[in-house]
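For reference, the structure discussed in these notes is given below.
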Amino acid sequence: MKKIGVLTSGGDSPGMNAAVRAVVRKAIYHDVEVYGIYNGYQGLIDGNIKKMELGSVGDIIQRGGTILYSARCEEFKTEEGQNKGIEQLNKFGIEGLIVIGGDGSFRGAEKLTKKGYPCIGVPGTIDNDIPGTDFTIGFDTALNTVIEAIDKIRDTATSHERTYVIEVMGRNAGDLALWSGLADGAESILIPEQKDDFDEVIDRLKKGHERGKKHSIIVLAEGVGSGFDYGKRIKEATNLETRVTILGHIQRGGSPTGNDRVLASRLGAKAVDLLLEGKAGRMVGIQNNKLVDHDIIEILQEPHTIDEEMYRLSKELSI
Ligand code: ADP
């Protein structure tokens with residue numbers, strides 16, 4: 001293989017740039033040409049493709065977002081869209097593609113692989129919702145952003161003796177809520193993987209209040225429901241002064257943490273290795289700090305799970 005392409009797709013995440021850098025540098029190290037495909041699958045259809053050099057990825061390892069930009073593209077879900085993408089790849093002589101993104105982006109990569117076009121997926125999303133890897137690129141940075149925000153909210157929650165419901169991202173996964181809730185000593189953590197025991201949340205709040213607790217933090221994963229609805233229900237059930245904060249897109253930005261930069265560098269380089277070994281339709285991941293790869297479609301059929309022991313611990317520590 002002498003020419004490969006790289007694109008970022010779906011929701012962006014901090015560390016995608018470090019992954020792009022690793023792909024470009026590792027390929028050039030092996031005397032392989034690399035083409036950057038801009039705006040995800042939309043750019044692939046449109047032929048928005050440029051050759052990348054060592055210098056194209058200088059000074060980006062520390063930057064959030066993605067220099068290749070990202071996009072959602074409905075047309076690529078159709079066979080016609082995929083064929084248009086392949087036409088462009090053939091036009092540029094690109095023989096293999098690395099797709100950095102979430103599970104949706106991986107489904108696109110699988111479609112191309114099925115049509116005989118080798119692709120490798122690199123998991124980049126703050127949601128940590130991809131099976132087959134302990135961590136996705138961007139999760140650690142987003143976690144630290146949430147922790148910093150909740151620390152600040154905690155200050156004002158204490159001053160005003162309020163209960164705060166904080167809604168965090170994660171789509172259908174509760175990882176960001178669970179990890180940040182544990183790291184911030186939240187009284188309750190509500191995640192989609194666990195049955196929503198609203199009565200228990202209320203019970204904890206009431207008992208805490210009776211004990212003289214002045215404030216409470218409840219972390220709610222967006223996959224469970226609306227923070228405002230929960231805030232209203234809590235106020236009605238307890239009559240405690242309740243406020244709601246939805247952290248929103250600040251969770252997707254910022255300079256990647258050391259962990260995310262290292263993870264992105266390792267996974268990006270591993271993806272190049274796989275393509276050069278002639279592999280296709282694989283995703284790279286990290287499990288027990290070892291680099292691994294899995295069949296994309298098989299792995300996407302596995303359910304996303306959270307660490308049950310961590311969930312139990314969060315309850316034991318917030319009695
Ligand atoms: P993420 O990759 O973050 O999960 P999306 O689910 O929005 O984000 O997917 C990103 C893009 O991947 C979509 O806009 C579309 O272009 C492509 N994609 C998603 N699902 C499929 C599919 N089933 N077949 C082909 N392409 C897909």
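Looking at the stretch 225-237, is at least one residue closer than 30 Å to L291 by Cα and within 30 Å of the chain's Cα centre (by Cα)? Looking for residues that are closer than 30 Å to L291 by Cα and within 30 Å of the chain's Cα centre (by Cα), one finds none in the stretch 225-237, hence no. Is there a residue in the stretch 53-65 that is surrounded by fewer than 21 Cβ atoms within 10 Å (Cβ to Cβ), over 20 Å from F135 (Cα atoms), among the charged types (D, E, K, R) and more than 16 Å from the ligand (Cβ to nearest atom)? Scanning the stretch 53-65 turns up at least one residue that is surrounded by fewer than 21 Cβ atoms within 10 Å (Cβ to Cβ), over 20 Å from F135 (Cα atoms), among the charged types (D, E, K, R) and more than 16 Å from the ligand (Cβ to nearest atom).
Scanning the stretch 87-106 for residues that are more than 8 Å from the ligand (Cβ to nearest atom) and either over 23 Å from G124 (Cα atoms) or open to solvent by 40 Å² or more (accessible area, probe 1.4 Å) (or both) returns E87, Q88, N90, K91, F92, G93, E95. Going by the structure shown, is I98 touching a residue at least 60 places away in the same chain (Cβ under 8 Å) and farther than 23 Å from M283 by Cα? In short, no. Taking first residues from the stretch 148-162 that are without any contact (Cβ under 8 Å) to a residue 12 or more places away in the chain and partners that are part of a helix (DSSP H, G or I) and not hydroxyl-bearing (S, T, Y), no Cβ contact under 8 Å between residues at least 6 apart in sequence or on separate chains turns up. Please verify whether V23 is under 23 Å from I286 (Cα atoms) and either of a type in the set (G, A, S) or open to solvent by less than 20 Å² (accessible area, probe 1.4 Å) (or both), treating the condition exactly as stated. Criteria met by V23.
Against the criterion of being of a type in the set (S, T, N, Q), open to solvent by 30 Å² or more (accessible area, probe 1.4 Å), within 12 Å of the ligand (Cβ to nearest atom) and in contact (Cβ under 8 Å) with a residue 24 or more places away in the chain, S70 qualifies.
Do you know which residues across the stretch 107-151 are more than 10 Å from the ligand (Cβ to nearest atom), within 18 Å of G15 (Cβ to Cβ) and open to solvent by 20 Å² or more (accessible area, probe 1.4 Å)? Listed by number, the residues that qualify are D134, F135, D140, N144, T145, I147, E148.
The values are calculated or read from the model by the stated rules, or taken from the named source; none is laboratory data. Values in this document were obtained by computation on a predicted structure and should not be read as measured data. Methodologically, a virtual Cβ is constructed for each residue, glycine included, from the backbone with ideal geometry; neighbour enumeration extends over all protein chains shown. Accessible surface is based on the protein model in full, side chains and every heavy atom, while ligands, DNA and RNA are left aside. Shrake-Rupley method; radii C 1.70, N 1.55, O 1.52, S 1.80 Å.
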